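What follows is a single structure, written as structure tokens, with notes after it.
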Amino acid sequence: MTDVNAIRQELSSHGQEHLLGFYDELTPQQRQTLLQQIESLDLDQLDELIETHVLNKPEVRLPEDIEPPPMVPALPKDDQSQREKDQARERGEQLIAAGKVAAFVVAGGQGTRLGYDGPKGCLEATPVAHKPLFQVFAEQILAAGRRAGVRIPWYIMTSPANDVVTRAFFRQHKYFGLEPEDVFFLVQGQMPSFDFDGKILLAEKDRLALSPNGHGGSLQAMRDSGALDDMAKRGIEYISYFQVDNPLVHCIDPVFIGLHEMRSAEMSAKAVSKRDPLEKLGNFCLIDGRVHVIEYSDLSEEMARQTTDDGRLRFRAGSIAIHLFSRSFVERLTEGGRCELPCHRAEKAVAYMDAEGNKVEPAEPNAVKLEMFVFDAMPLAKEAVILETLRDKEFSPVKNASGEDSLTTALHDQVRRAAELLEAAGVSVPRDADGKVAAALEISPLYAENIEDLKQKIDPNLEIPPGDSLYLGSRGQTGGLKGAG
Ligand code: UTP
């Protein structure tokens, strides 16, 4: 039985006794919920974090000798790099066919900037068939598995706040054609929010103000949930990691997987060239021979603006949160308990219950949230590959409700990419006077995964009238389509 007096004393020795301020008013059930939440806190560890990250702002001191990291270019520069990529593709395809690769999506975020009511993965985000993001990835995973003749398992990280809805969504949609036993949900950990004096906030009289502990929580969640054990049982060695908000991501990329394995990497990453020196992307850097991602706000403007002899940015490799992990690396980082990635501080407006029992909804930041970022695992990898990719081909995140990195830009980028594929396959695509694609176009990976596939299936004489919608789906299922194969 829980000894509330002992808990009260423990809280009091950490200056957090206010958490039981309404205890006497609560029902037995509410008391139990609250005590469970409190017992799950590591108060000693929180004391340290409060000191370093809440009462003080951690100072980022970068060493002097920061270099740009070596990067495998998106477009091979010479025969040798072309050969390496060809070999990597072949090796990656072998690893996929041998059942050694799993997909992993982080879908536990709160999506506050988007303001969508529900898990972001349920957002309809394709231009013609209006598929939810989860389906976009499911179809890719299904297509890659069919091509290789295997079932690729998919691990989906949710948060305590969106887990139930996410699972129900998959059930409702029959797992988008995947076998239910190949879809593994895991719930990430949470962190309390603090006021600026280091007091943990209550969301309700019987509940702490908790939020997901960041995508960096994925490594520990893989261990705690049994996902790593499940992977080991299935013979998975490589984990293809991506975010739920990027419909252009290539979930299972043989070249990336092959390069990672051929170079004995533990954690790898894809990068895009930054659009401008101050673009808000993390910067890949090399410090003491290890790859780090330095947040845009931590790299000095002077360094961000440095250029090389050919006029390109010296630190141009921007992080787009696409990674490969070796399972053994995640096992190493999480063995013996906690995976110690650093915490990052963010000041946010967090609703809370004040000492008088009034619910307060502040308009301005009133609290500190702490999150771990997955890219902080990069310097812990003994070997890391950075593969450059082209933004148009692989990165268009849905972050904001409007403007840059919104659903509108992601839809536009999907249409543009589909148009380029169709044109490469010999199909004429209507464009307006400015060269903008003048039709809504969508190609399911179940129809064609790449240009070679598309060339085999599509009739190059297909007519796409301006203003039309064209959907190329599985088994020739089409919409608004004339003459497709
Ligand atoms: P973002 O950093 O964009 O955060 O997450 P977010 O919570 O989705 O959106 P905002 O900042 O509140 O507007 C990048 C990716 O990491 C996942 C998100 O689901 C998204 O795929 N993520 C983020 C988690 O899985 N857990 C977290 O705790 C945070």
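The values are calculated or read from the model by the stated rules, or taken from the named source; none is laboratory data. Everything numeric in this text was worked out from a predicted model, so none of it was measured. Glycine gets a Cβ as well: all are built from the backbone with ideal geometry, and neighbour counts include every protein chain shown. The protein model used for the area step is the full one, side chains on, heavy atoms only, and it has no ligands, DNA or RNA in it. Shrake-Rupley method; radii C 1.70, N 1.55, O 1.52, S 1.80 Å.
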(request) At 15 Å minimum axial length over the Cα atoms and a Kyte-Doolittle cut of -1.0, report the qualifying DSSP H helices in the chain, or say none. (result) 133-148, 407-424
(request) Measure up 85/270; 199/348; 174/369 against 24 Å on the Cα-Cα distance and list the ones that go over. (result) 174/369
(request) Answer with one residue from 142, 433, 471: the one whose Cα lies farthest towards the positive end of the charge dipole of the chain, charges on Cβ with Lys, Arg +1 and Asp, Glu -1. (result) 471
(request) May I ask what percent, to the nearest 5, of DSSP beta bridges between residues of the range 155-303 are antiparallel? (result) 75 percent
(request) Check the straight Cα-Cα distances from residue 399 and name the aspartates and glutamates below 18 Å, setting aside those fewer than 8 residues away within the same chain. (result) 117, 124, 245, 279, 295, 371, 413
(message) What is the distance in Å between the Cα centroid of the range 106-183 and that of the range 347-390?
(response) 23 Å
(request) Can you sort 409, 112 by 1.4 Å-probe accessible area, starting with the largest? (result) 112, 409
(request) With the full set of protein chains in place, find how many percent of the accessible area of the chain is carbon and sulfur; take the probe as 1.4 Å. (result) 46 percent
(request) Would you tell me the accessible area of residue 231, worked out with a 1.4 angstrom probe on the heavy atoms of the protein chains, in Å² to the nearest 10? (result) 0 Å²
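Considering every Cα-Cα pair within the range 1-95, what fraction, in whole percent, is farther apart than 20 Å?
That tail contains 65 percent of the Cα-Cα pairs.
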(request) Roll a 1.4 Å probe over the protein heavy atoms and report the accessible area of residue 14 in Å², nearest 10. (result) 30 Å²
(request) Would you kindly find the accessible area of residue 83, with a 1.4 Å probe and non-protein molecules such as ligands, DNA and RNA excluded, rounding to the nearest 10 Å²? (result) 140 Å²
(message) Let's see if you can work this out: charge +1 on each Lys and Arg Cβ, -1 on each Asp and Glu Cβ, no other charges. What is the dipole magnitude of the range 99-163 about its Cα centre, in debye to the nearest 20?
(response) 340 debye
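Mind ranking 155, 471, 296 by accessible surface for me, highest first, 1.4 Å probe? Display every interim value, and only then the final one.
Numbers: 155 0, 471 20, 296 100 Å².
Result of the area sort, largest leading: 296, 471, 155.
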(request) Excluding residue 266 itself, calculate the net charge of residues whose Cβ lies under 12 Å from the Cβ of residue 266, where each Lys or Arg counts +1 and each Asp or Glu counts -1. (result) +1
(message) Debye calculation, C-alpha points only, no solvent: report log10 I(q)/I(0) for the chain at q = 0.11 Å⁻¹, in the same order as the q values.
(response) -0.99
(request) Taking the Cβ of residue 211 as the centre, find all other residues whose Cβ is under 9 Å away and add up their charges (Lys, Arg: +1; Asp, Glu: -1). (result) +1
(message) Can you return the lysines within cross-link range of residue 436? Criterion is Cα-Cα under 18 Å, with same-chain partners fewer than 8 residues away left out.
(response) 393
(message) Quick check: net charge around residue 59, other residues with Cβ under 12 Å of its Cβ, Lys/Arg +1 and Asp/Glu -1?
(response) +2
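With a ≥ b ≥ c taken as the square roots of the eigenvalues of the C-alpha gyration tensor of the range 58-176, please select rounded if a/c is under 1.5 and otherwise prolate if a/b is larger than b/c or oblate if it is not?
oblate
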(request) Taking a cut-off of 19 Å between Cα atoms, list the lysines near residue 233, but don't count ones fewer than 8 places away on the same chain. (result) 100
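Counting heavy atoms of the protein chains only and a 1.4 Å probe, report the per residue accessible area for the chain as a whole number of Å².
On the way: 22810 Å² over 485 residues.
Here the residues of the chain average 47 Å² of exposed surface.
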